[in-house]
Amino acid sequence: MELHNLKPAEGSVHKEKRIGRGQGSGYGGTSTRGHKGAKSRSGFHTKVGFEGGQMPLQRRLPKFGFKNINRKEFKGINISTLQLLADKKSLTLIDVDALIEAGLVKKNDKVKILGDGTLTAKLEVRAHAFSNSAVKAIEAQQGTVVKL
């Protein structure tokens, strides 16, 4: 096999159906559209979700819920995770950059520190938000909380 005798596999290439090119082609006349009606005319299209006059699905189902456009999405990090990070990298200051470097959050995430777990190290923690239990746990170890 060489470049000059390459060809596609048998049956993988189909002949294009050229409609509306005369009676001799077998696809002339009505061009496979049938006789009369909207579907035979040029420029015809159906609405998205049209089900032939049947009540469409988006109207049969009830409406519910809403999206709060003012919602702030936080990535939650527990104080037990902070303790592991402080032990592993021997840190006293944990901020968003340290969490990004550790791979716990992405660079555009807002971080909320949550109070699950135990904290034994004295840490300065800087984040966008804190739960009450996290603040108590950090301050119980003489640590400081800085809200960004």
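Key figures
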| item | result |
| --- | --- |
| Rough spin-label spacing in nm, given labels placed 7 Å along Cα→Cβ, for ILE69 and VAL13 | 5.4 nm |
| Residues whose placed amide H lies under 5 Å from that of PHE130, excluding near-sequence neighbours | ILE113 |
| Calculated from backbone phi, Karplus (6.51, -1.76, 1.60) coupling profile of the stretch 138-145 in Hz, x at Gly/Pro | 5, 6, 5, 9, 6, x, 10, 10 |
| Relative contact order (percent, whole number), the chain, Cα cutoff 8 Å, 6+ residue spacing | 15 percent |
| Calculated FRET efficiency for the pair VAL48/ASP109, C-beta based, R₀ 30 Å, to 0.05 | 0.30 |
| Amide H within-cut-off set for GLU124, under 5 Å, with H built and near neighbours excluded | LEU93, ILE94, THR144 |
| Degrees, to the nearest 10: 79-89 long Cα axis against longest axis of the chain | 80 degrees |
| Anchor LYS147: aspartates and glutamates whose Cα lies under 17 Å away (excluding residues fewer than 8 positions away in-chain) | GLU73, ASP95, ASP97, ASP109, GLU124, GLU139 |
| Distant-in-sequence amide H partners of ASN78 (H built 1.01 Å from N, under 5 Å) | LEU114 |
| Straight-distance crosslink candidates among lysines, where the alpha carbon sits under 26 Å from LYS7 and sequence neighbours closer than 8 are dropped | LYS15, LYS17 |
| Fraction in percent of alpha-carbon pairs per bin - 10 Å, the chain | 9, 22, 11, 8, 9, 14, 15, 10, 2, 0 |
| Label-to-label distance, nm, for residues given as THR30 and SER80 (7 Å Cα→Cβ offset) | 7.1 nm |
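Every number in this text was worked out from the coordinates using simple rules, so none of it is lab data. Remember, predicted model here, so these are calculated numbers, not experimental data. In this analysis, Cβ positions are derived from the backbone assuming ideal geometry, glycine residues included, and neighbour counts consider all displayed protein chains.
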